[in-house]
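As structure tokens, the structure follows; a few thoughts come after it.
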Amino acid sequence: MERLWQDIRVSLRGLWKDRSFTLTTVATLALCLAANVAIFAVVDGVLLKPLPFDQADRLVTINNSYPGAGVAIASNGVPDYYDRLEAVTALQSLAMYRQAGATIGGDRGQAERLQSLIVTPSFFSALRVSALRGRVFTAEEAEPGQADKVILTHGYWQRAFGGQDSAVGQSLRVNGVSMPIVGVLPAGFLFVDPDIELLRAVAYTAEDRADDQRHSNNWQQLGRLNDGATVEQVRSQLAALNAANAERFPHLKEILANARFSTDARSFQEFLVADVRRTLTLLWGGVLVVLVIGCVNVTNLVLVRSTGRIRELATRHALGAGFGRLARQSFTESTIVALLGGLVGLLFGWWALASGPLLGLDQLPRGSEIAISPRVVVFTLALVGVVGAVMAGLPVGALRRTNLAQVVREEGRSGTATRKSRLVRRMLVTSQVAFALMLLIGAGVMVASLQKVLAADPGFRTEGVVTGLVSPPQSRYAGETELRALVVRILENVRGLPEVSSAGLSSTIPFSGSTSDSVILAEGYQMAPGESLISPNSVAVTDGYFETMGARLVAGRFFDDRDVEDRRRVIIVDERLARKFWPTGDVIGKRLYQPTSAERILEPPAEDQMLAIVGVISEMRLTGLVDGGSSQRPGAYYFPYRQDTRRGMGLAVRTTGDPKAVGESVRRAIAQVDAELPLYNIRTMAERTSEMLVDRRTPTLLAGGFAVVALFLAAIGIYGVLAYQVSQRRREIGIRMALGAGAPRIFGLVLGEGALIVGAGAALGLVGAFFLRRTLESVLYGVGAMDTTVVGTVAGVLAAVAIVACVIPARRAAHTDPTIALTE
């Protein structure tokens with residue numbers, strides 16, 4: 001310990017004496033480590049951290065898939081649940097769940113909208129979660145008439161009931177129905193969405209279990225593997241069950257085969273983060289490259305410093321200090337520098353995560369779990385240890401390989417570093433340029449991809465539109481007549497506001513996260529052999545909705561007062577769906593129909609069930625600005641609300657004033673109709689569009705930031721190695737100038753060396769980017785990974801920065817005074 005303390009004191013004195021080296025090294029490491037801390041915290045919280053459940057690695061999720069119909073990942077039907085309970089023996093428990101809104105309260109003219117989770121009682125055994133207070137749902141509460149019970153999350157229990165034990169046993173008014181509270185969940189419970197505050201029981205009726213509901217997919221499934229069972233066994237048993245069902249229901253066999261129907265099982269954690277895994281992994285790789293570039297800079301600094309200290313180390317060795325003693329001193333000094341860089345990096349990384357909401361990190365799956373955890377600290381310390389070892393090992397290794405007598409002769413004669421050390425530094429800077437170019441290309445194509453997405457036509461005008469959701473409770477609006485009357489009163493009140501120019505309701509507001517789909521066919525359309533049925537988005541809208549959203553009418557008309565419940569059934573389709581059934585020709589007056597049963601799925605219904613097309617609109621994007629992800633719906637079709645009345649609706653309002661200010665006025669207008677009917681999830685369409693882009697915008701911003709840091713570090717590296725070479729070769733430059741070499745020649749000599757480094761690094765970077773192109777293209781839209789415009793622009797930026805970095809030492813060399821250089 002005494003020797004260690006002595007080494008620390010000597011190291012601190014040396015680092016304080018060489019403050020420029022210390023500050024530069026610590027700042028470089030802090031910058032690189034901060035980026036690694038921030039990204040690893042995201043990767044750890046989203047991808048690596050186990051879910052907060054007992055043996056969470058044994059949780060699996062099950063989903064149906066219909067890729068032939070454009071739906072790669074679908075949910076499950078109720079009959080699937082009962083089939084799989086018996087057939088999938090690899091699971092010890094299986095549960096169904098669905099997220100839904102819930103209107104709470106209303107007794108005193110006030111109502112609150114919460115997020116709830118509707119679950120089967122088996123949900124808790126699958127997760128192995130017990131109640132903190134009271135109990136969880138029992139099997140009896142899965143029977144019709146017994147399911148009106150609720151369980152509170154810990155956060156809602158604290159917020160609404162002050163954490164009082166008496167909350168259990170009280171009743172809560174949910175969607176207009178009084179429901180007893182049977183339990184409170186523990187504080188650590190977090191499932192899918194951190195905003196969930198209430199759990200409700202579900203009881204499936206005989207109609208829900210009927211075979212014609214087999215592919216009515218509305219529920220998510222969660223299972224727990226038996227001891228010793230694997231996900232592969234679950235998949236095999238699901239495939240066998242699907243094959244048996246295909247024989248049980250021959251009328252669906254060909255249809256499902258054409259839709260390429262299958263059922264997949266995968267780790268629940270993998271399912272939650274599937275959409276962001278590849279992107280986050282790429283970002284993690286990119287930020288590690290930034291660390292490598294920073295380490296190269298630090299390595300060059302250490303090599304420069306060790307070259308300057310070679311006489312000191314050689315002298316200490318000659319006076320009796322062994323290599324072990326020199327190595328220990330070097331490791332102590334390097335560890336101090338690396339630890340300082342790590343501590344500052346942790347601080348900056350924490351600050352970056354605190355700014356996470358600005359980047360949309362909180363909107364990532366499991367985004368609420370992103371934090372500087374002990375694992376992040378351990379990871380940072382491991383990086384610090386590696387960097388410190390490299391910083392210490394290089395000078396000691398160089399000293400061991402160096403002939404001390406040769407060092408004295410070469411340094412004393414020419415004042416320059418060895419050719420080998422100069423070559424090593426050039427190679428390191430070349431690698432910096434290569435890595436920087438790869439990061440710049442990656443960030444550049446991601447920016448170009450985001451620009452393509454932003455330029456995509458949503459099919460409506462986002463400016464000046466405010467949206468919100470309403471969900472009338474069945475207890476007070478049981479039938480279609482009541483719902484239609486409510487909608488009329490809401491629209492009258494809202495349209496009467498002076499700041500509102502138009503308003504309409506729709507069952508699907510774009511980018512709100514709620515959609516519905518259903519199979520539809522065209523009269524007289526002949527399906528080709530092997531062609532799949534399609535399931536486009538199905539939407540119900542009131543008159544005035546399309547005008548409010550600024551939808552573009554291509555042919556025919558919008559809905560109006562003619563489209564009431566007792567008139568002929570009509571429909572509006574978008575261009576995408578129209579092209580599917582009628583690639584050429586006028587579609588106005590053509591008819592579509594929805595199958596009335598699974599047994600007669602291809603048979604047209606009665607005449608009064610046929611749907612006449614009265615209008616065609618440009619495609620309105622409902623789930624994203626561009627195709628991609630697990631669903632690529634083949635268009636959409638729209639019903640007039642009075643002919644297809646639905647419960648949950650979204651309100652769209654076009655205002656002549658500030659869109660953000662009109663929300664409260666609209667809320668009050670709806671409260672005048674029904675004080676227990678809250679308007680919730682109020683967003684402008686611009687805000688919804690921005691939120692929808694977070695999974696593209698956030699990685700692009702991060703990648704751009706990392707690329708700028710990499711470019712900056714590479715420029716410093718280029719400047720540093722050339723400046724050092726100029727300082728070490730002052731005598732040589734003085735001799736050259738004394739022999740007649742002019743300033744332009746010296747300038748060109750140094751600039752040429754820089755150009756050689758940059759050119760070699762750029763060539764290697766292009767090769768590396770080419771080999772990574774397939775990985776990059778998986779997260780891009782509308783642009784290739786080696787897009788010539790992007791590569792050309794990036795190369796130009798790199799060249800410009802490199803020229804600046806080269807010109808400064810080249811000018812210094814060109815202005816060398818040979819008289820002073822030769823007498824130094």
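The values are calculated or read from the model by the stated rules, or taken from the named source; none is laboratory data. Since this is a predicted model, take the numbers as computed values, not measurements. Cβ sites come from the backbone with ideal geometry, for glycine too, and all protein chains shown count toward neighbours. All accessible areas refer to the heavy atoms of the entire protein, side chains included, with ligands and DNA or RNA removed. Shrake-Rupley method; radii C 1.70, N 1.55, O 1.52, S 1.80 Å.
Annotations for the structure displayed:
- Percent of beta bridges antiparallel (DSSP, the stretch 126-184, rounded to nearest 5): 60 percent
- For the stretch 503-618, the equivalent ellipsoid built from the Cα gyration tensor has semi-axes of 24, 16, 16 Å, listed from largest to smallest.
- Cα gyration tensor category, rounded, prolate or oblate, for the stretch 575-719 with a/c compared to 1.5: oblate
- Ordered from longest to shortest, the equivalent ellipsoid semi-axes for the stretch 645-756 are 70, 13, 10 Å, each the square root of 5 times a Cα gyration tensor eigenvalue.
- Relative contact order for the stretch 158-300, counting Cα pairs under 8 Å that sit 6 or more residues apart, in percent: 12 percent
- Crossing angle, helix 743-771 versus the chain [Cα axis fit, 0-90 degrees, rounded to tens]: 40 degrees
- Lys/Arg +1, Asp/Glu -1 at C-beta; the chain dipole; positive extreme among His251, Thr775, Pro536: Thr775
- Residue-count net charge about Ser125 - beta-carbon cut-off 13 Å; Lys, Arg +1, Asp, Glu -1: +3
- Computed label-point distance, nm, for sites Ala456 and Gln158 using a 7 Å Cα→Cβ extension: 4.0 nm
- Taking all Cα pairs closer than 8 Å and separated by 6 or more residues, the relative contact order of the stretch 1-146 comes to 14 percent.
- The mean sequence separation of alpha-carbon pairs under 8 Å and at least six residues apart, normalised by the residue count of the chain, gives a relative contact order of 18 percent.
- Placing +1 on the Cβ of every Lys and Arg and -1 on the Cβ of every Asp and Glu, with nothing else charged, gives the stretch 471-510 a dipole about its Cα centre of roughly 40 debye.
- Segment Trp350..Val292, full-extension length gain: 18.8 nm, with 0.36 nm per residue of separation and the alpha-carbon distance subtracted.
- For the stretch 45-162, the fraction of 1.4 Å probe accessible surface lying on carbon and sulfur atoms is 47 percent.
- Neighbour net charge for Thr279 - beta-carbon separation under 12 angstrom, K R +1, D E -1: +2
- Think of the stretch 418-511 as having a plus end and a minus end, set by charges on the Cβ of Lys, Arg, Asp and Glu; of Met446, Pro472, Ala485, Met446 sits farthest toward the positive end of this dipole.
- Shape call, the stretch 1-153: gyration tensor on alpha carbons, a/c limit 1.5: prolate
- Each Lys or Arg adds one and each Asp or Glu subtracts one; over the other residues with Cβ under 14 Å from the Cβ of Glu141, this totals 0.
- A 1.4 Å probe run over the chain, with the rest of the protein chains in place, finds 45 Å² accessible per residue.
- Summarising the strand pairing of the chain, around 80 percent of its internal DSSP beta bridges are antiparallel.
- Averaging Cα coordinates gives a centre for the stretch 63-89 and one for the stretch 200-270; these two points are 3 Å apart.
- Between 0 and 90°, nearest 10: helix 374-400 axis offset from the chain longest Cα axis: 20 degrees
- Efficiency of FRET between Asp586 and Ala661 - r from beta-carbon atoms, R0 56 angstrom, step 0.05: 0.80
- Packing, taken as the mean count of other beta carbons within 10 Å per residue, orders the peptides 60-69, 135-144 from highest to lowest as 60-69, 135-144.
- Rg and Dmax of the stretch 116-188, Cα atoms only, in Å: 11.8, 32
- Dipole moment magnitude, nearest 20 debye, the chain about Cα centre, only Lys, Arg, Asp, Glu C-beta charged: 4840 debye
- When the charge dipole of the chain is built from unit charges on Cβ atoms (+1 for Lys and Arg, -1 for Asp and Glu) and taken about the Cα centre, the candidate among Trp350, Thr279, Pro634 whose Cα reaches farthest toward its positive end is Trp350.
- Here the stretch 117-262 carries DSSP beta bridges of which approximately 55% are antiparallel, counting only pairs with both residues inside.
- Debye intensity ratio I(q)/I(0), log10, the stretch 150-256, q values 0.13, 0.21, 0.23 Å⁻¹ (C-alpha model): -0.77, -1.14, -1.26
- Global form of the chain, assessed from the alpha-carbon gyration tensor, a/c cut-off 1.5: prolate
- Extending 7 Å from Cα along the Cβ direction at Ile601 and again at Ala675 yields two label points whose distance is 5.0 nm.
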